[in-house]
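Readers should treat all values here as calculations from the given coordinates under stated rules, not as data from a laboratory. These numbers were taken from a predicted model, which means no experiment stands behind them. Don't worry about glycine lacking a Cβ; one is built from the backbone with ideal geometry, like all the others, and counts go over all protein chains shown.
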Amino acid sequence: MNINLMTLMENIVCNNGKDINYLIERNIINIDDITNEVIGFGNLEYIYNFAYYVRGANIAKLEDAIINKKDARYIYSFAKVVKGANILKLEDAIINTNNSTYIYYFAKSVKGANIVKLEDAIINTNDAEYLYYFTIDVKGANIVKLEDAIINTNDARFIYYFARDIKGANIVKLEDAIINTNDSMYIYYFAKNIKGANITKLADAIMMIGNYEYICLIREYLKQRKINKKNSLLELVHNNGIAVKENGEGVQKLVKSNNKSKTKILIKEEKIDE
């Protein structure tokens, strides 16, 4: 009997493997031969569906075929869904892909996954977004370790999200990190929305960056909060647009640009004796 593999495999999902199991169980087709044919065809969807739907399928052999293709989505799906899958082997395979999305999914959804090992893998990707998701969603995640990893990405958005959303986050440490990004918008959000933030310190950071839009916004926020800014940089911004502030190295003079869209450092003067 001539069996068309593509037709058989295309129909496997819609009939829940009924046709192919019928043919195998009645020795109309040989399970080993059809397994080799499916693997040889090289279609990942066929290999995955064969492992999932066919009774008595050689899972180890099909698993190796999936791993050899190095496709993170199918490695994850095989581990999550296929009964008898070797989780440790597939876990190593997913790590080797260096795909942050599916390393995260594997840790979150695959029973028996090694969270510590996958956590190290997600850190190595340096992907701020999935470091954040891993911390939020994966039970047993090491907050301190992932916090350091988020900081090392220097991604202002996810440093801010981490401080905002992760219980037990080190606000002081993340505050220094957000300042180091020089991102006025997220420094402003941090000052405005993060409980325990040092608003004066963050306001001064915005001033030193020189983004006039966010200088105005932070000044307005400080007025709303009735925060006394004595001895801060913002206290020294005058109506004429000139500010002079002594720091450890000398004095910086900041002047609004003509279009008033930003402030920029123009000169650095010699240190003045107190």
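For region 167-224, the Kirkwood estimate of hydrodynamic radius, built from reciprocal distances between every pair of different alpha carbons, is 11.2 Å. When each of the peptides 103-109, 164-170 is scored by the mean number of other C-beta atoms lying within 10 Å of its residues, the order from highest to lowest reads 103-109, 164-170.
You can think of it this way: the chain between ASN193 and ASP148 has 14.1 nm of extra reach, that is 0.36 nm per residue less the Cα-Cα gap. A simple spin-label model places the labels of ILE171 and GLU45 5.1 nm from each other, with each point 7 Å out along Cα-to-Cβ. The share of C-alpha pairs in region 77-227 whose separation exceeds 21 Å stands at 50 percent. Here the simple spin-label model places points 7 Å from the Cα toward Cβ, and for LYS223 and ILE136 these points are separated by 3.5 nm. What number comes out for the charge environment of ASN36, summing +1 per Lys or Arg and -1 per Asp or Glu over other residues with Cβ under 13 Å away? That sum, taken over residues with Cβ under 13 Å, equals -3.
Centre-to-centre, using Cα atoms only, region 149-225 and region 3-47 are separated by 57 Å.
Which residues does the label zone of LYS117 cover in region 64-91, counting backbone N under 14 Å from a point 7 Å along Cα→Cβ? Answer for this model: 79, 86-91. Here the Karplus curve 6.51 cos²θ - 1.76 cosθ + 1.60, taken at θ = phi - 60°, turns the phi angles of region 21-37 into couplings of 5, 4, 5, 6, 5, 9, 6, 6, 10, 8, 4, 5, 5, 5, 4, 4, 5 Hz, with x standing for Gly and Pro.
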